[in-house]
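Just so it is clear, none of the values below were taken in a lab; they were calculated from the coordinates. Note that this is a predicted model, so its numbers are computed, not measured. Cβ placement follows ideal geometry from the backbone for every residue including glycine, while neighbour counts extend to all protein chains displayed.
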Amino acid sequence: MIIINLDKAKTIAHELRRKQRSKEFAPYDEVISKQIPGNDYADAEAKRQIIRDKYFQVQEAINQALTTDDLIAISDLFPLVSNNS
C-alpha cells in the first residue's frame, strides 16, 4: 500500500498553481515592468487582478483539500482556469 503525504502533495499542488498563474501573468508583467508605450497600465493591472482572484479560489481549495483525490480534482481545474483568461 502506498501512503501519500498530504502536506507534501499540497505543496506540490501550490507549486503547480503558482507556475500556471505565472504563465498567465507573463504578458501583463511585461507591460507593467517595462511600461511599454501604447499599452494601458490600468488595463494590464485589472487583468492581473482577475488572474489573482481565479487563483485565490484554487489556493483556498488546495488548502481545504482533505484527501489526495481532492487535490487531483483541483488539478483537473487548471486547464479550465487558464482558458478563462
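Using the Cβ-Cβ distance between Met1 and Phe56 with R0 = 35 Å, the FRET efficiency computed as 1/(1 + (r/R0)^6) comes to roughly 0.50.
Using the beta-carbon distance between Gln64 and Ile32 and R0 = 41 Å, what value does 1/(1 + (r/R0)^6) give for FRET efficiency, to the nearest 0.05? Calculated value: 0.85. Pairs exceeding a 25 Å alpha-carbon distance, out of Lys10/Lys47; Lys10/Lys54; Lys19/Lys47; Lys19/Lys54: Lys10/Lys47.
Taking the square roots of 5 times each eigenvalue of the Cα gyration tensor of region 6-83, largest first, gives ellipsoid semi-axes of 30, 10, 9 Å.
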